1. Please tell me if Gly89 is over 21 Å from Ala174 (Cβ atoms) and surrounded by fewer than 20 Cβ atoms within 10 Å (Cβ to Cβ).
2. Is there any pair with a first residue in the stretch 12-38 that is farther than 14 Å from Leu178 by Cβ and of a type in the set (Gly, Ala, Ser) and a second that is assigned to a strand (DSSP E or B) and more than 8 Å from the ligand (Cβ to nearest atom) whose Cβ atoms are under 9 Å apart and which are 6 or more apart or on different chains, and what are they?
3. Hey, among the residues in the stretch 75-93 that are near the ligand (Cβ under 9 Å from one of its atoms) and modelled with pLDDT under 95, which one's nearest to Arg149 (Cα to Cα)?
4. Is it true that Asp102 is within 9 Å of the ligand (Cβ to nearest atom) and among the acidic types (Asp, Glu)?
5. Which residue out of Ile126, Ile101 is within 14 Å of the chain's Cα centre (by Cα) and of a type in the set (Val, Ile, Thr)?
6. For residues in the stretch 21-38 being near the ligand (Cβ under 10 Å from one of its atoms) and assigned to a loop (DSSP other than H, G, I, E, B), which is farthest from Thr95 (Cα to Cα)?
7. Among the residues of the stretch 46-76, how many are within 21 Å of Glu143 (Cα to Cα), free of Cβ contacts under 8 Å to residues at least 12 places away in the same chain and basic (Lys, Arg)?
Amino acid sequence: MDERKLIVLSGPSGCGKDTILRRIRELDPSVAANISYTTRTPRPGETDGINYHFVSREEFRKNIDSGMMLEYNEYAGNYYGTSKKTINGFLEKGTTVVLTIDVNGGRNVKSVYPGAMLLFLMPPSIRDLRERINNRGKMDEEELKARLRIAEEEILYARQYDKVIVNRDIEECAQECLAAIRAWGKAGPESSSNTTDKLEDT
Ligand code: 5GP
């Protein structure tokens, strides 16, 4: 099982992870996207089994107790987690799979699969991030504040990641991520570089 095919894509809420992953998969359809389990309610346009497996808190707890989760975390009041069996299924087939998960999840995945690549997507600026989170809609004031607070905390974790890429432009960023994923698959940890100093703090 080649752990280097396991890619964790993290970054603060609103930094564009889902859009970038969608573009990566258009550029290279052999890259798979893992579908996480969550207890949060679907946003407009989200579909069960496509964006997430939307489950009740009770079902999620059962999944934890049965040992099904590779990792899980509570984020802004909801559970999110990754199925161990699904990930192992991808790796056994030799498929490159991307997990869009938070920094706690990333750290947990790396402790189980040290060969996995942790890729951090950085917003071009804090102001830009605030705008993107604000524009998401369908969120109460409390959740919005929680997401902003977590986002600012998450950025501090970027230094622990194998590679940091700034999302200034979707196309450029997706190409850069795909190049990093391919380089990691070929060369392993030696090819990593961390460039956290690119964030403008305006
Ligand atoms: P959202 O509610 O915006 O879809 O996701 C909130 C946060 O949870 C994001 O940072 C997202 O990447 C993260 N997340 C999504 N799925 C998982 C998962 O399976 N495990 C963990 N630890 N975080 C996840």
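The values are calculated or read from the model by the stated rules, or taken from the named source; none is laboratory data. Predicted, not measured: the structure shown is a model, and the values here were computed from it. Counting neighbours? That spans all protein chains shown, and the Cβs are built from the backbone with ideal geometry, glycine included.
1. yes
2. Gly16/Leu121; Ser36/His53; Ser36/Ser83
3. Ala76
4. yes
5. Ile101
6. Here the answer is Ser36.
7. So the count comes out to 0.
Each row is one residue, and each column tells you yes or no for (1) touching a helix residue (DSSP H, G or I) at 6+ places or on another chain (Cβ under 8 Å); (2) over 18 Å from Lys110 (Cα atoms).
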{"position": "Leu9", "(1), (2)": "yes, no"}
{"position": "Ser13", "(1), (2)": "yes, yes"}
{"position": "Lys17", "(1), (2)": "no, yes"}
{"position": "Arg25", "(1), (2)": "no, yes"}
